[in-house]
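Student: Quick one: the structure is below, and I'll ask about it shortly.
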């Protein structure tokens, strides 16, 4: 029978003391682990900040210190390799990237980066092999397809280069404009397939609101002769129509999308008093709300507030909000935002700090497109 106020046995006292010691040790170990991870993140942030200031040698020192704490941290290794690469220390950059591949052999970004190192070394065959492994890991990696097109062009494999370039443009139409002035495509510029890419670039320029030859040349980086040739072919194919507007005493040609193309992005109708009004597809009617969400999310990112950013990201993802408009008008960006949301939930404010510029640039680009659409609507 247990005595209510009896003394504890020595065995029981010893057991309780042992439990307390173990508890303290566990708490100490837990705190130590947290402190170690905090220290690694602090060093990593310092390295990233030095990279932003273009102090790459100092950045490398911080990344190396962070790796002493966690030698297999892929994020830190990537930044270290990137800094080595930009210091033209190609051999060390390759060693770092190989360390990452030892950890994750299917990492598409690292394979692509290895390809760029070999490219700088003018070893285009090795560059091609690396970038093909990147595509095997992620067939939707547009930049890897673009780089593959460059490397194939430099190896004078023209048809294959054009096919890869077209694939990269299907994933991200901005690659079309980028290819116009890329010297790596000197071997394919005369090909009919590349001329069709020039047509696509001109068509996209007109779609974005540039209607005169001068503005098209300015926005596409095409030579005047190439722009005129592309416009002529687009007119022949019925994708564009040509009108004229008065400029002083003379008239200049202006180009617009043909009606069948125009219907897909919004067409104009005459109002009751002959004033032109624009009837837009249903998703575009909510562009103003989308624009407001962009302002809100940019503020949250500037504040480096992960919780607030995650909450606003839902505006861009949820189809009941602006998700439908994002999918129809900014499909690649929609996918990127979904990925960022997952990463933010995992890593919080640190992820915003590391990716702040990239995030702001993406939303800036969306905002530019929306602003042009809204201006067209008002006019």
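Derivation of every value follows stated rules applied to the coordinates shown; laboratory data play no part. No experiment lies behind these values; they were computed from the predicted model shown. With ideal geometry, Cβ positions are generated from the backbone for all residues, glycine too; neighbour counts draw on all protein chains shown.
Student: Gap in Å between the Cα centre of segment 287-318 and the Cα centre of segment 129-168?
Tutor: Taking the Cα centre of segment 287-318 as reference, the centre of segment 129-168 is 34 Å away.
Student: Please give, to one decimal in nm, the separation of the simple spin-label points placed at residue 291 and residue 305, each 7 Å out from Cα toward the Cβ.
Tutor: 2.3
Student: Taking square-rooted eigenvalues a ≥ b ≥ c of the alpha carbon gyration tensor, is segment 190-265 rounded, prolate or oblate, where a/c under 1.5 means rounded and, failing that, a/b exceeding b/c means prolate?
Tutor: On the way: a/c = 1.79, a/b = 1.23, b/c = 1.46.
Taking the square roots of the gyration eigenvalues as a ≥ b ≥ c, segment 190-265 is oblate.
Student: Sort 103, 180, 60 by Cβ crowding within 10 Å, fewest neighbours at the top. Mind showing how you got there, number by number?
Tutor: Details: 103 13, 180 17, 60 20.
Result, fewest neighbours first: 103, 180, 60.
Student: Considering just Cα atoms, how many Å³ per residue does the convex hull of segment 36-122 enclose? Display every interim value, and only then the final one.
Tutor: Numbers: hull volume 7.0 nm³, N = 87.
Output value, Cα hull per residue: 80 Å³.
Student: Additional query: Mind giving me the FRET efficiency for residue 121 and residue 174? R0 is 30 Å, r the Cβ-Cβ distance, nearest 0.05 is fine.
Tutor: Values: r = 27 Å, r/R0 = 0.91.
Working from the Cβ atoms, E equals 0.65.
Student: Compute the Rg to Rh ratio over segment 163-234 from the alpha carbon atoms, using the Kirkwood formula for Rh, and round to two decimal places.
Tutor: With Rh from the inverse mean 1/r over Cα pairs, Rg/Rh is 0.93.
Student: Given the convex hull of the Cα atoms of segment 284-378, what is a quarter of its surface area in nm²?
Tutor: Numbers: hull surface 21.3 nm².
In nm², the orientation-averaged hull projection of segment 284-378 is 5.3.
Student: Over segment 60-202, how many percent of alpha carbon pairs lie in each 5 Å bin up to the one with the longest distance?
Tutor: For segment 60-202, the pair-distance distribution reads 2, 11, 19, 19, 17, 13, 9, 6, 3, 1, 0.
Student: Going by average Cβ neighbours within 10 Å, how do the peptides 108-119, 324-335 rank, with the highest at the top? Numbers along the way, then the final one.
Tutor: Details: 108-119: 22.7, 324-335: 17.3.
Order by mean packing, descending: 108-119, 324-335.
Student: If you don't mind, another one. Put a dot 7 Å past each Cα toward the Cβ at residue 318 and residue 353; how far apart are the dots in nm?
Tutor: Distance between the two pseudo-spin positions: 3.0 nm.
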